[in-house]
Amino acid sequence: MQLDQLKIIVTGAGRGMGAHFATQLANAGAKVAAGDVDVEGLESLPATVAKRKLDVTDETDCDAFVQWAQDELGGVNGLINNAGIIRDGLLAKRSRKTGELSTMSTEAWNSVLAVNLTGAMFMTRAFALNALQTEIASGVVVNISSISRHGSRGQSNYVATKAALAANTVTWSREFAPMRVRVGAVAPGMIETPMTQGMNQKARDTLVAGIPVGRIGTPQDIWCAVRFVLECEYFNGRTIDVDGGASMG
Ligand code: NAP
């Protein structure tokens, strides 16, 4: 679909990659509805972007957001499921310093599943219902997965969500075909955003050293792939890894 034909929702658009996608889309002439739990972050987006608080873990909020976007944009034919969080930790470990044993908390597991997976399902379900109700001519959904989907030490919760998103990209592309809605996913490697800026510098340097292109990725690198998924009418049901050639250990 041409970008200026899109009436598109971007979740987690208050900062990082979501803010970049919303800005690039608005600059390309798309109508954009941006949502985030952080409403202050949304204020830095271009004036043409419609902005509203959105907590993707709240299904009532998701349904209301899609209805609001439908009214604000005069229709909805696109969705980028970008909102995501990390709560990393080993399932069970012994501290090298103190010998103390600890585990990944159930709260860390549940909170990551709630935002990254259930939140994306709530938004996609509301989008699909709206697509049926309004009988859209065509549409597109982009799921932001991660190369962690292949497995990543210390990220059981995150991996589970990002692998499930890639799998459901296939599921939803098949379910939504009758309504002419394509579904694709982009799986970023390590990208310079507030999510990674908080990382331990030594761990970060080690990870960057293992990236064949020799640098951390930028939101613009990922936008190139998101744009491809949005524009290429023959792309459907697949996930693109965009990681500078890195592989997760
Ligand atoms: P980010 O800088 O942390 O931005 C994520 C945004 O989502 C934040 O504004 C955050 O708000 C918001 N958010 C969190 N919980 C939400 C909820 N319940 N409802 C709505 N919005 C919520 O992250 P990013 O690095 O741009 O990542 C964007 C996506 O790419 C995520 O899905 C992430 O998993 C994925 N990804 C990132 C990387 C990377 O290296 N950065 C790599 C692979 C995949 P708060 O700030 O208030 O929490």
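The figures follow:
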| quantity | calculated |
| --- | --- |
| Pair residue 95, residue 107: separation of 7 Å Cα→Cβ label points (nm) | 1.8 nm |
| Inter-label distance for residue 171 and residue 38, nm, one decimal - labels placed 7 Å from Cα along Cα-to-Cβ | 3.0 nm |
| Calculated FRET value between residue 235 and residue 129, using beta carbons and R₀ = 30 Å, to 0.05 | 0.80 |
| Calculated SAXS-style log₁₀ I(q)/I(0) at q = 0.11, 0.13 Å⁻¹ - the chain, Debye, Cα scatterers | -0.56, -0.77 |
| Percent RCO, i.e. relative contact order, over the chain, from Cα pairs under 8 Å lying at least 6 residues apart | 19 percent |
| Exposure rank, largest accessible area first [234, 158; 1.4 Å] | 234, 158 |
| DSSP beta bridge pairing in the chain, given as percent antiparallel to the nearest 5 | 10 percent |
| All lysines inside 27 Å of residue 7 as judged from Cα atoms, apart from same-chain residues fewer than 8 positions distant | 31, 51, 53, 162 |
| Whole-Hz ³J(HN,Hα) from phi, Karplus 6.51 cos²θ - 1.76 cosθ + 1.60, for the range 157-174, glycine and proline x | 5, 5, 4, 4, 6, 6, 5, 5, 5, 5, 5, 6, 5, 5, 3, 6, 5, 7 |
| Highest-fluctuation residue, 55, 36, 71 considered, GNM on the chain with Cα pairs under 10 Å | 71 |
| Positive minus negative residues near residue 4 (Lys, Arg vs Asp, Glu; Cβ under 13 Å) | +2 |
| Helix-only CD estimate at 222 nm, as mean residue ellipticity for the chain, using -39500 (n - 2.57) per DSSP H run (n ≥ 4) | -12000 deg cm²/dmol |
| The range 142-184, Rg to Rh (Cα coordinates; Rh as Kirkwood inverse mean 1/r) | 1.10 |
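The values are calculated or read from the model by the stated rules, or taken from the named source; none is laboratory data. These figures come from a predicted structure and were not determined experimentally. We place every Cβ from the backbone using ideal geometry, glycine too, and count neighbours over all the protein chains shown. Note: areas computed on protein heavy atoms with side chains; ligands, DNA, RNA excluded. Shrake-Rupley method; radii C 1.70, N 1.55, O 1.52, S 1.80 Å.
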